[in-house]
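Report on the following structure.
The values are calculated or read from the model by the stated rules, or taken from the named source; none is laboratory data. Everything numeric in this text was worked out from a predicted model, so none of it was measured. With ideal geometry, Cβ positions are generated from the backbone for all residues, glycine too; neighbour counts draw on all protein chains shown. For accessibility, only protein heavy atoms count, side chains too; no ligands or nucleic acids. Shrake-Rupley method; radii C 1.70, N 1.55, O 1.52, S 1.80 Å.
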Amino acid sequence: MRLHILGSAAGGGFPQWNCRCPVCTLAWEGDPRVRRRTQTSVAVSVDGERWALVNCAPEILSQIQAVPALHPKGARRHSPISAVLLTNADIDHVAGLLSLRESQPFVLNATAAIHGVLAANSAFDVLAPDYVERRTVGLETTFELLPGLKASIFPVPGKIALYLESGEIRAHGEVATAVEGEQTVGVELSDGIARILFIPGCARMTDELRARIEGADAVLFDGTVWRDDEMVLAGVGTKTGKRMGHMAMSGPEGSIAALSGINVRRKIYVHINNTNPALVEGTPERLAAQAAGWEVAEDGMEIRP
Ligand code: MLT
Ligand code: MN
Ligand code: ZN
């Protein structure tokens, strides 16, 4: 299996277009300790010829342009990308679909709930049914994402997409932020040799989730914030990580603690928010994550387990 990290930032990218938080400011000023990042999508393949995208960031066109394996080959109209799989309906994971509209066949895999969100938004009708097959995938069922590449999706604590929150607040008075269901899922990828887990959004660790990650060759995990109140501290908002459906890296309930001592060859943070000081080489936060065995993903990273 080969996996390309096409983008590694959380919603907003890094630096975010309208942000002068301390970390974004370093990026705007060209500080060599930081690298720009696009929003999180990955591409995965077994044979290097057929590829699947997991999530489809708003920057998908430049992400494809940056990776020669994803360029069209041979015919006048061709793409090595034959499948897309979605882990939720967040803008940073689905907006790129609107740019894959040029009458190119592929299979769009997602849960019924995520397909429901897309179906309710007619902008996604640019993915004409003659070309794009919307395939509903059940939780905990293994399917062939590509020939020779098995995938299964499993529920991960999370919430509905931000743009659906006002409807949920009208209906229920508040937004549930750690629901396990079809709205937010993780993906397990296996080619019979290696096993990689991709979990870009996770509100909290559960025993089941930890057990599932145990023994994997690599886990790509939610690295949105270093600490829960980071955006408040940075002066860019009032929301905590928890409120956004993301567990922090640090702290007693954080992912570093939750996955310490686990038998996984590579632990890699993806979906990293622009306020996260672990984006900056040499900070105490980055060093602490590295000392705990974590890598901080960059765009262009390739994983060959
Ligand atoms: C998230 O991961 O919490 C969302 O991408 C937030 C957003 O839509 O900006
Ligand atoms: Mn996001
Ligand atoms: Zn910022």
Subject >> Single residue of GLU140, GLU168 found to be open to solvent by 30 Å² or more (accessible area, probe 1.4 Å) and closer than 29 Å to VAL46 by Cα >> reply: GLU140
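Quick check on the stretch 179-191. Is at least one of its residues more than 19 Å from ALA43 (Cβ to Cβ) and without any contact (Cβ under 8 Å) to a residue 12 or more places away in the chain?
Taking the stretch 179-191 as the starting set, the residues that turn out to be more than 19 Å from ALA43 (Cβ to Cβ) are 179-184.
Still in the list and also without any contact (Cβ under 8 Å) to a residue 12 or more places away in the chain: none.
Within the stretch 179-191, none of the residues are more than 19 Å from ALA43 (Cβ to Cβ) and without any contact (Cβ under 8 Å) to a residue 12 or more places away in the chain.
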**OP:** Restrict the check to the stretch 203-219 and report whether at least one residue is within 30 Å of LYS150 (Cα to Cα), under 18 Å from the mean Cα position of the chain (by Cα), surrounded by fewer than 24 Cβ atoms within 10 Å (Cβ to Cβ) and within 15 Å of ligand 2 (Cβ to nearest atom).
**Re:** yes
Original post:
Which residues, taken from the stretch 240-287, are within 20 Å of the chain's Cα centre (by Cα), farther than 21 Å from SER8 by Cβ and open to solvent by 60 Å² or more (accessible area, probe 1.4 Å)?
Top reply: LYS242, ARG243
**OP:** Please specify each residue of the stretch 118-134 satisfying the condition of being surrounded by 15 or more Cβ atoms within 10 Å (Cβ to Cβ) and out of contact with any helix residue (DSSP H, G or I) (no Cβ under 7 Å at 6 or more places or on another chain).
**Re:** VAL132
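Filter the stretch 40-57 down to residues that are without any contact (Cβ under 8 Å) to a residue 60 or more places away in the chain, in contact with a Gly (Cβ under 9 Å, 6 or more places away or on another chain) and assigned to a strand (DSSP E or B) and give me whichever is nearest to ligand 1 (Cβ to nearest atom).
So the first thing to find is which residues in the stretch 40-57 are without any contact (Cβ under 8 Å) to a residue 60 or more places away in the chain, and the list is 41, 43, 48-49, 53, 56-57.
Going one step further and asking which of them are in contact with a Gly (Cβ under 9 Å, 6 or more places away or on another chain), we end up with 41, 53, 56-57.
Remaining after also requiring assigned to a strand (DSSP E or B): 41, 53.
Details: SER41: 13, LEU53: 17 Å.
Once the filter is applied, the top-ranked residue is SER41.
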**OP:** For residues that are open to solvent by less than 10 Å² (accessible area, probe 1.4 Å), assigned to a loop (DSSP other than H, G, I, E, B) and more than 16 Å from ligand 2 (Cβ to nearest atom), tally how many sit in the stretch 1-30.
**Re:** 1
**OP:** Please state which of the following conditions THR87 fails to meet, knowing it meets all the rest: (1) surrounded by fewer than 22 Cβ atoms within 10 Å (Cβ to Cβ); (2) closer than 20 Å to LEU149 by Cβ; (3) polar (S, T, N, Q).
**Re:** (1)
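Give ARG101, ARG77, ARG33 a once-over and let me know the one that is among the charged types (D, E, K, R), assigned to a loop (DSSP other than H, G, I, E, B) and within 16 Å of ligand 3 (Cβ to nearest atom). Break it down stepwise before answering.
Working: ARG101 fails: within 16 Å of ligand 3 (Cβ to nearest atom); ARG77 fails: within 16 Å of ligand 3 (Cβ to nearest atom).
Going through ARG101, ARG77, ARG33 in turn, the sole match is ARG33.
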